[in-house]
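Okay, so here's the structure we're looking at.
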Amino acid sequence: MGNSEYLSRRTAPLLRELNRTDEPLLVGTDHPRRTRTAAPPEGIEVTDRDAVLADRHVDIVYISSATGRHFADCRAALAAGKHVLVEKPVCLTAAEARELDSTARACDRTVFECLSYPYHPAWTDFLARVRGADWAGPVSVSAVFRIPGREPTDFRRHPRHGGAAADLGTYCVDALVRLGAVAEDLDIGPVLLGGTESDGGAALTSRPIDGRTFTYTGSWAIGDAYANSVVVGDPRRRLELLRAFSPPVDTPVQVVERRPGVPEPAVVATTEPTNATRACLSAGTRHSRDAKTAGLVDCPGILRRIAVLEAATANSPA
């Protein structure tokens, strides 16, 4: 449901793999006739969204609509008796997340949020190295995701779809929490670029861990130069994972270490080529078909992350 550019470019071929068939992927949209004015990409059949929900051969629906429609589309799919894979974020408010979880549990269906980056082995390796390191305080943890400007019509710019907070902030807050930040303690505010407020935000908190102070900062924005990294450092060294949130598909990814006085970083890990989106979708289908998980998978963690960003989204200008 939903006919996004990301679906055509990245996800549709993987969904066809999961179907184990050469049949085209059925894509439901509110505007099928308008879409048919141009030939759909190979392997996609565009139809009305209700046709997808009514098809008795469909047992899992992938939601690829604009972010502000995720909640309504997930609820419609559950009402039709389907399991749901939904692009991140699953919805924009904590109340919506709770409703989806309770609705899915009531009808014994799964809702799985497709946030792909944690399924890449580079992230797994980086996380293990950070947790296993003997850090000397103070320790800084940063997550940054910024993308160049988008057209005013891009859904990422519209408050009704959550703006940059829902699209890019989701990654940064999620990474900080996985690295030890307490979601409820994160202070969210605007980010300033060139002295003016941009379409973005920042997150900040600190906490003591084993006698050391860890300071967590996140930054996301639409409209400036590209940045995409997670970095953990102390006075002696820095571990860096570049392209953390969109690792190159089927390309090795490196974790590097920088030390003061050493001009070049040292590569401490190189992962096998991986498609993180494929790994994420496979995990989602396992929850739906094999584990038969009822409800929103990882609901408590998702709720905390959405609640942190909800205020920033709600206070965006209309």
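Within the stretch 139-166, can you find the residues that are of a type outside the set (A, V, I, L, M, F, W, C) and closer than 26 Å to Gln254 by Cβ?
Within the stretch 139-166, Ser140, Ser142, Arg146, Pro148 qualify.
Within the stretch 114-128, can you find the residues that are closer than 14 Å to Leu239 by Cα and buried (at least 16 other Cβ atoms within 10 Å of the Cβ)?
Correct list: Ala122, Trp123, Asp125, Phe126, Leu127.
Looking only at the stretch 185-204, decide whether some residue is in a helix (DSSP H, G or I) and either under 30 Å from Glu96 (Cα atoms) or of a type in the set (Lys, Arg) (or both).
yes
Pick out, from the stretch 22-94, the helices (runs of 4 or more DSSP H) lying fully within it that include 3 or more residues that are at pLDDT below 90.
32-35
For Arg150, indicate whether it is outside any helix (DSSP H, G or I), under 15 Å from the mean Cα position of the chain (by Cα) and basic (Lys, Arg).
For Arg150, the condition - outside any helix (DSSP H, G or I), under 15 Å from the mean Cα position of the chain (by Cα) and basic (Lys, Arg) - is not met.
Would you mention how many residues in the stretch 255-268 are more than 21 Å from Trp135 (Cβ to Cβ) and of a type outside the set (D, E, K, R)?
1
Please work out which residue is nearest to the chain's Cα centre (by Cα), limiting yourself to the stretch 234-248 and to residues that are in contact (Cβ under 8 Å) with a residue 40 or more places away in the chain and under 18 Å from Pro118 (Cβ atoms).
Looking at residues that are in contact (Cβ under 8 Å) with a residue 40 or more places away in the chain and under 18 Å from Pro118 (Cβ atoms), I get Phe245.
For Ala318, are the conditions met, namely being at pLDDT below 95, open to solvent by 60 Å² or more (accessible area, probe 1.4 Å) and farther than 20 Å from Val58 by Cα?
Yes; evaluated as a whole, the condition is true for this residue.
What do you reckon, is Arg10 in contact with a strand residue (DSSP E or B) (Cβ under 9 Å, 6 or more places away or on another chain), under 27 Å from Ala166 (Cα atoms) and surrounded by fewer than 21 Cβ atoms within 10 Å (Cβ to Cβ)?
Judged against the criteria, Arg10 is not a match.
Only one of (1) of a type in the set (Val, Ile, Thr); (2) open to solvent by 60 Å² or more (accessible area, probe 1.4 Å); (3) in contact with a strand residue (DSSP E or B) (Cβ under 8 Å, 6 or more places away or on another chain) is not met by Val262, so which one is it?
Here Val262 meets the rest and fails (3).
What residue, of Arg105, Arg160, is touching a residue at least 12 places away in the same chain (Cβ under 8 Å), among the basic types (Lys, Arg) and touching a helix residue (DSSP H, G or I) at 6+ places or on another chain (Cβ under 8 Å)?
Criteria check complete, one pass: Arg160.
Pairs, please: C-beta under 7 Å, at least 6 apart or cross-chain, first residue closer than 17 Å to Leu14 by Cα and of a type in the set (A, V, I, L, M, F, W, C) and in the stretch 265-291, second open to solvent by 70 Å² or more (accessible area, probe 1.4 Å) and modelled with pLDDT of 95 or more?
Going by the 7 Å Cβ cut-off, the qualifying pairs are Ala276/Tyr119; Ala279/Tyr119; Cys280/Tyr119; Ala283/Tyr119.
Could you tell me which residue of the stretch 195-205 is modelled with the highest pLDDT, considering only residues that are buried (at least 16 other Cβ atoms within 10 Å of the Cβ) and hydroxyl-bearing (Ser, Thr, Tyr)?
Top of the filtered list is Thr205.
One line per residue, one yes/no per condition, for (1) open to solvent by less than 20 Å² (accessible area, probe 1.4 Å); (2) of a type in the set (Phe, Trp, Tyr); (3) in contact with a Lys or Arg (Cβ under 6 Å, 6 or more places away or on another chain); (4) part of a loop (DSSP other than H, G, I, E, B):
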| site | (1), (2), (3), (4) |
| --- | --- |
| Ala166 | yes, no, no, no |
| Gly169 | yes, no, no, no |
| Val173 | yes, no, yes, no |
| Val177 | no, no, no, no |
| Arg207 | no, no, no, no |
| Tyr216 | yes, yes, no, no |
| Arg236 | no, no, no, yes |
| Glu240 | yes, no, no, no |
| Phe245 | yes, yes, no, yes |
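The values are calculated or read from the model by the stated rules, or taken from the named source; none is laboratory data. These figures come from a predicted structure and were not determined experimentally. Counting neighbours? That spans all protein chains shown, and the Cβs are built from the backbone with ideal geometry, glycine included. For accessibility, only protein heavy atoms count, side chains too; no ligands or nucleic acids. Shrake-Rupley method; radii C 1.70, N 1.55, O 1.52, S 1.80 Å.
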